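Worksheet: the structure to be examined is printed underneath.
Values in this text are rule-based calculations from the coordinates and carry no lab data. Owing to the predicted nature of the structure, the values given are computational and were not obtained by experimental measurement. Here the Cβ positions follow ideal geometry from the backbone for every residue, glycine too, while neighbour counts run over all protein chains shown.
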Amino acid sequence: MKAESEIRLVRLLQLVSPALPVGAYSYSQALEAAVDRSIVRDAPTAAQWIGDVMEYSVGRMEAATLLRSIAAWRARDIAAIDNWNALFFASRETAELRAETAQMGYSLRKLLRELAGPNEEAQAHLARLDEIAFPTSFAFAAVHWQISAQAALAGYLWSWLENQVMASLKAVPIGQTDGQRMLLTLGNRIGAIVERAALLEDEDLGSFAPGFALLSSHHETQYSRLFRS
């Protein structure tokens, strides 16, 4: 039993690793636009930006959608899978954010289908969606590898946070030690976000981060940039 638990932990670490070939490193999710406009200019403002997006956007929509997608995959509820996949696509405020989740979802699905694992029925379910959002693919992987919903969400949030901190190291720029301080401080908030996401009713899903959406739209036409979003 202990060995099985450890294997599930290893699979979660694999799923949230920066080495996972889904292209997460190429996206900043509007952080680069915030840097361009001097909203983010040092370690404290980077931590404020990343923490706010995690709380008011990712935590209130993406996190809750992931939990529901995990439940839908576990129940093999095709209608629910389709619903949460479509809803998450509809929640993306800009073209680049929509393209980001579609590309990462596609890449993770491709990887999962190439790895020895999903049976024919599961493969068919994965292939059936014309477009698959990243939370939908991630939820499938969590269910396939028997990772608990809470652990999967905590790992998902950590992976998102780590990617944002890595983006800030490149774009602000800030030092490695500052980056680790941000991971320590903001990482402490993940547990509470997981708990809140689990308590949200369906009608309460949604993010309220207008500045994030506006800067993402500005980034689409930004003259010089390192990141795809």
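Quick notes on this one:
- Packing here is the average count of other Cβ atoms within 10 Å per residue, and on that basis the peptides 57-63, 221-227, 169-175, highest first, run 57-63, 169-175, 221-227.
- Over the residues of the chain, the helix contribution to mean residue ellipticity at 222 nm works out to -21000 deg cm²/dmol, using -39500 (n - 2.57) for each DSSP H run of at least 4.
- Protection proxy ranking, peptides 91-102, 155-166, 34-45, 7-18, average beta carbon neighbours within 10 Å, highest first: 155-166, 91-102, 34-45, 7-18
- For peptides 142-151, 129-138, sequence by mean Cβ density within 10 Å, most packed first: 129-138, 142-151
- Ser217/Asp52 FRET efficiency (R0 25 Å; Cβ-Cβ; nearest 0.05): 0.90
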